[in-house]
Structure formats: structure tokens, C-alpha cells
Amino acid sequence: MKARFGGIDVLEYSPAPHTPVPGHVLATPTEVTVDNLQPQLEYLLYGAVAAARAVLPAMREAGAGTLLFTSGGGSVDPVPMLGNVNAAGAALRNWVVNLHKELAGSGVYAAHVAINVWIGDGGPEGFPTASAEEIAPLYWDLHESRDRSEAVFNA
């Protein structure tokens, strides 16, 4: 595939289920256990680490590339009903900001995007929404400007 399409220039990692994922439950901070936190960590953080490890060696060798990782806004400003999800998102955020610092000057750029809205239709009553088309320019701006380790999208 690499011979046909070339290398990967941009990785965008956005785990966001729109249907329940088996083994994933929501828990408030006082309800968080290792058993309900571990699947969130595997989904949000471990998946991101695996994806980055798949593309980062070639990006570093080329001295170019962009790595963008997405979590919910609760990774920055937690919401109690998502205690376990927010903890895993915060772990992802921390890892990405740290990766950004490590890669500085290498030509490879990493950034975290916290989306503080429901994307598309069907969100909870009263929760702010935005379309993918409204959010996409933020990703393009990060990729082009490469001037910060994270951004938050608000409605």
C-alpha cells in the first residue's frame, strides 16, 4: 500500500462511539472502579498510543508529519456523569501534550483537540451541537499553523 499511496502525512485519532460499546459504562467519580476505567483507557489512550506507534517511525525518519488526537471536552473541564471517560480523556490529553513537547523541532507535530459539543444530530437534550463541517477547520488550522499543543472546540 505504501508503494501505491506513499507514506502517511497525517494521523487523526478520534474514538467516539455513537452506539454503546460492550464493556463500556459511564461512571461518576465516586463510581469509578478499575473495572469500568480500564476499558476507557484501552479505548482512548491505548488506541492512540498504538496508532501513533504505527506511523511515528516513518514520520520521524521523514522529518515531517502531523498527529492529531481527539477527546471530549471533559478531558479539559470534567463532567461528573462521565468520571471514568473524562479520566481516560485527560490521560490522552496529557500524553499528547507531552508527545508534542518531545517532538518539538523534529518536523513532526502532535496536538490534542477537545470537542466540547455533540457532533451531529441525536445528542442529549440541551447539549450544544455542531456539525463535522463546523469543527473541521480547527483541525486544518492546527495542521497548518502547528503553533500549539491543543485546542478546544466550543459551540
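The values are calculated or read from the model by the stated rules, or taken from the named source; none is laboratory data. This structure is a prediction, so every number in the text was calculated from the model and none was measured. Here the Cβ is made from the backbone with ideal geometry for all residues, glycine too, and neighbour counts use every protein chain on show. Side chains included, ligands, DNA and RNA excluded: accessible areas come from the protein's heavy atoms. Shrake-Rupley method; radii C 1.70, N 1.55, O 1.52, S 1.80 Å.
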Original post:
Long-range amide H contacts for Gly65: which residues qualify at under 5 Å (H placed 1.01 Å from N, peptide plane, sequence gap of 5 or more or a different chain)?
Top reply: Tyr109
**OP:** Could you pull out which residues in the stretch 78-102 have an amide N less than 19 Å from a spot 7 Å beyond the Cα of Ala54, following the Cα-Cβ vector?
**Re:** 92, 96
**OP:** With a 1.4 Å probe and every protein chain kept in, tell me what percent of the accessible surface of the stretch 1-73 is carbon plus sulfur.
**Re:** 60
**OP:** Averaging sequence separations of C-alpha pairs under 8 Å and six or more residues apart, then dividing by the length of the chain, give the relative contact order as a whole percent.
**Re:** 24
**OP:** Would you work out which of Ala90, Ala155, Pro80 lies farthest towards the positive end of the dipole of the stretch 74-155? Charges go on Cβ: Lys and Arg +1, Asp and Glu -1.
**Re:** Ala90
**OP:** Express the accessible area of the stretch 1-127 per residue in Å², computed with a 1.4 Å probe while the remaining protein chains stay in the model.
**Re:** 58
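Size of the dipole of the stretch 52-136 about the Cα centre, Lys and Arg at +1 and Asp and Glu at -1 on the beta carbon, nothing else charged, in debye to 20?
The calculated dipole for the stretch 52-136 is roughly 440 debye.
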Original post:
Out of these labelled values of mean projected area of the Cα convex hull in nm², (i) 9.4; (ii) 10.2; (iii) 11.4, which was calculated from the coordinates shown here?
Top reply: (ii)
Original post:
Which cross-chain or sequence-distant (5 or more) residues have an amide H under 5 Å from the amide H of Phe153, H modelled 1.01 Å from N in plane?
Top reply: Ala114, Ile115, Asn116
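Which whole-number percent gives the relative contact order of the stretch 89-145, counting Cα pairs below 8 Å spaced six or more residues apart? Before the final figure, lay out the partial values.
Values: 34 pairs, mean separation 13.0, N = 57.
With pairs under 8 Å counted, the relative contact order is 23 percent.
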**OP:** Let me have the 222 nm mean residue ellipticity of the chain computed from DSSP H runs of 4+ only, each contributing -39500 (n - 2.57), with the sum over all residues rounded to the nearest 500.
**Re:** -13000 deg cm²/dmol
Original post:
Between Glu61 and Ala16, what FRET efficiency comes out of the Förster formula 1/(1 + (r/R0)^6) with R0 = 41 Å and r the beta carbon distance, rounded to 0.05?
Top reply: 0.85
Original post:
How high is the FRET efficiency between Val79 and Ala3 when r is their beta carbon distance and R₀ equals 35 Å, given to the nearest 0.05?
Top reply: 0.15
**OP:** Kyte-Doolittle cut-off -1.0, length cut-off 24 Å along the helix's own axis using Cα: show which whole DSSP H helices in the chain pass.
**Re:** 83-103
Original post:
How large is the dipole of the chain about the Cα centre if only Lys and Arg carry +1 and Asp and Glu carry -1, each at its Cβ, rounded to the nearest 20 debye?
Top reply: 580
